[in-house]
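Read the structure below first, then the notes.
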Amino acid sequence: MNPRAQLSESDAEREVAQLCSELIRIPSVNTGDPETIGDGEAQAAKYLQHKLEEAGYQCRYVESVPGRGNVVARLAGADPERGALLVHGHVDVVPADPAEWTVDPFSGAIQDGYVWGRGAVDMKDMVAMSLAVARNFKRRNVVPPRDIIFCFMADEEAGGVYGAQYLVEHHPDWFAGATEAISEVGGFSIEVPDGRAYLVAAAEKGLAWATLTATGRAGHGSMVATDNAVTKLAAAVQRLGTHEFPIVRTATVDAFLTGIGELTGIDFAAAADDGDLEGAVGKLGPIAKIVAATLRNTANPTMLNAGYKANVIPSTATATVDCRVLPGQLEQFKAEVGEIVGDDVTVEWFDLTPLEYPFDGPFVDAMKAAVRAEDPDGHPLPYMLSGGTDNKSFSKLGIAGYGFSPLRLPPDLDFSSLFHGVDERVPVDALQFGCRVLQRLLLSS
């Protein structure tokens with residue numbers, strides 16, 4: 001069977017919205033606290049296993065710990081000697097407060113041309129598109145040029161310890177031969193004059209969660225306290241949280257600014273020379289907040305913990321700071337943080353390395369061609385993701401990971417605000433577009 005002939009009659013497009021809806025209805029919430037997570041991730045992974053096996057795949061399913069499910073399936077390609085392509089996504093989502101939403105966040109409602117619910121863009125949309133394409137290929141006996149590994153995992157929202165990191169450490173053979181990967185937060189469109197730019201994540205900032213700890217002398221709250229752990233911690237958090245790190249130019253961000261400048265007419269080079277690069281970036285609309293975050297390292301305090309009673313001075317106080325670090329900056333950044341917070345606190349780190357890959361070569365060319373085939377007015381550009389993905393874990397296996405979850409979006413949709421936001425939703429026609437692009441990529445790369 002000629003696989004390319006099937007693009008015009010894809011079962012994937014017909015079922016992708018329903019698959020996305022059904023995934024959203026599974027409340028696979030990752031609170032970050034093992035005591036409150038439950039088995040939602042296992043339910044979602046088993047749903048995916050069932051849908052894959054229903055189409056004819058043989059799956060590998062594993063729970064890193066009870067309730068944290070992960071599933072992997074491989075579709076054999078025509079040339080087993082070629083490096084395999086890994087298509088991966090996470091099944092966990094962040095919590096959602098139903099009182100804030102227009103619809104029940106776990107209803108998976110399909111209305112007004114959208115699929116609504118927690119995970120619709122982060123990232124059950126890509127999981128549904130990947131699943132729909134995988135099922136379509138298997139049912140039609142499509143043989144891609146090389147092996148394709150479909151992988152769906154737990155725990156990305158808390159660093160991937162029970163998902164991608166677990167699989168890389170305990171089951172690296174499941175990814176044997178993989179050379180490239182695609183996953184979330186890339187390939188989506190933004191409006192530019194005379195068309196759309198599709199932003200492909202060729203880089204992502206590193207994750208570095210810092211735990212600051214201050215110690216002091218415990219005592220009665222009514223006494224004079226010259227050695228107060230809370231005071232020390234508060235001062236350190238204030239210094240770090242208000243510190244502005246310098247702009248650092250990276251290859252990926254420079255390539256993005258050059259490309260988007262040609263499409264929009266904004267002269268970023270002149271703005272940089274005038275010391276107003278951030279002002280020029282601010283003209284890009286909603287995507288500006290992501291791009292601005294990739295110009296420099298950041299450190300945002302997110303959690304504080306101290307004391308157990310109003311009239312007791314605690315001996316220990318801690319804070320968590322969410323730091324995001326540019327490629328090539330991690331060790332320098334950690335040293336800088338140590339200097340900023342000072343000697344009164346200690347710093348412990350949980351970190352995942354920054355990534356940066358070239359935006360050229362046969363695989364990148366195939367991504368560009370797949371987008372342009374479905375949108376002749378589309379302009380694929382590299383950009384840097386300000387957050388992180390499971391590509392960080394797979395990089396340890398030598399797999400070059402790109403953010404490519406293709407979606408053609410309406411110009412009035414503030415897409416970036418939907419990640420972890422209220423009324424998260426994805427257009428049905430964007431899901432169908434994504435299926436077509438993914439099929440083209442998997443059949444040509």
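Summary of values
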read-out	value
Test result for Ser386, small (Gly, Ala, Ser) and in contact with an Asp or Glu (Cβ under 9 Å, 6 or more places away or on another chain)	yes
Selection count where residues are under 26 Å from Arg146 (Cβ atoms) and either surrounded by fewer than 19 Cβ atoms within 10 Å (Cβ to Cβ) or not aromatic (Phe, Trp, Tyr) (or both), scope the range 406-445	16
Listing of strands (runs of 3 or more DSSP E) fully contained in the range 169-261 that carry 3 or more residues being of a type in the set (Ser, Thr, Tyr)	206-215
Lys289 being under 20 Å from the mean Cα position of the chain (by Cα), modelled with pLDDT under 95 and surrounded by fewer than 18 Cβ atoms within 10 Å (Cβ to Cβ)	yes
Flag if Thr294 is of a type in the set (Ser, Thr, Tyr), surrounded by fewer than 18 Cβ atoms within 10 Å (Cβ to Cβ) and modelled with pLDDT of 95 or more	no
Single condition Ser393 does not satisfy, out of (1) out of contact with any Leu (no Cβ under 6 Å at 6 or more places or on another chain); (2) surrounded by fewer than 22 Cβ atoms within 10 Å (Cβ to Cβ); (3) among the small types (Gly, Ala, Ser)	(2)
Members of the range 372-398 that are assigned to a helix (DSSP H, G or I) and in contact with a helix residue (DSSP H, G or I) (Cβ under 6 Å, 6 or more places away or on another chain)	Ala373, Glu374, Ser393, Lys396, Leu397
Filter result (in a strand (DSSP E or B) and aliphatic (A, V, I, L, M)) within the range 93-127	Val93, Ile110, Val115
Filter result for Val426 (β-branched (Val, Ile, Thr), in the same structural domain as Ile149 (by TED's automatic domain parsing) and touching a residue at least 12 places away in the same chain (Cβ under 8 Å))	yes
Candidate set from the range 308-356 (those that are hydroxyl-bearing (Ser, Thr, Tyr) and assigned to a strand (DSSP E or B)); member that is surrounded by the fewest Cβ atoms within 10 Å (Cβ to Cβ)	Thr346
Any chance Ile247 is surrounded by fewer than 18 Cβ atoms within 10 Å (Cβ to Cβ) and either on the phi > 0 side of the Ramachandran plot or β-branched (Val, Ile, Thr) (or both)	yes
The range 305-322 residues that are among the small types (Gly, Ala, Ser), paired with ones that are in a loop (DSSP other than H, G, I, E, B) and surrounded by fewer than 16 Cβ atoms within 10 Å (Cβ to Cβ) (beta carbon under 7 Å, 6 or more apart)	Ala310/Gly221; Ser315/Arg217; Ser315/Ala218
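The values are calculated or read from the model by the stated rules, or taken from the named source; none is laboratory data. The structure displayed is predicted, hence computed values, not measured ones. Methodologically, a virtual Cβ is constructed for each residue, glycine included, from the backbone with ideal geometry; neighbour enumeration extends over all protein chains shown.
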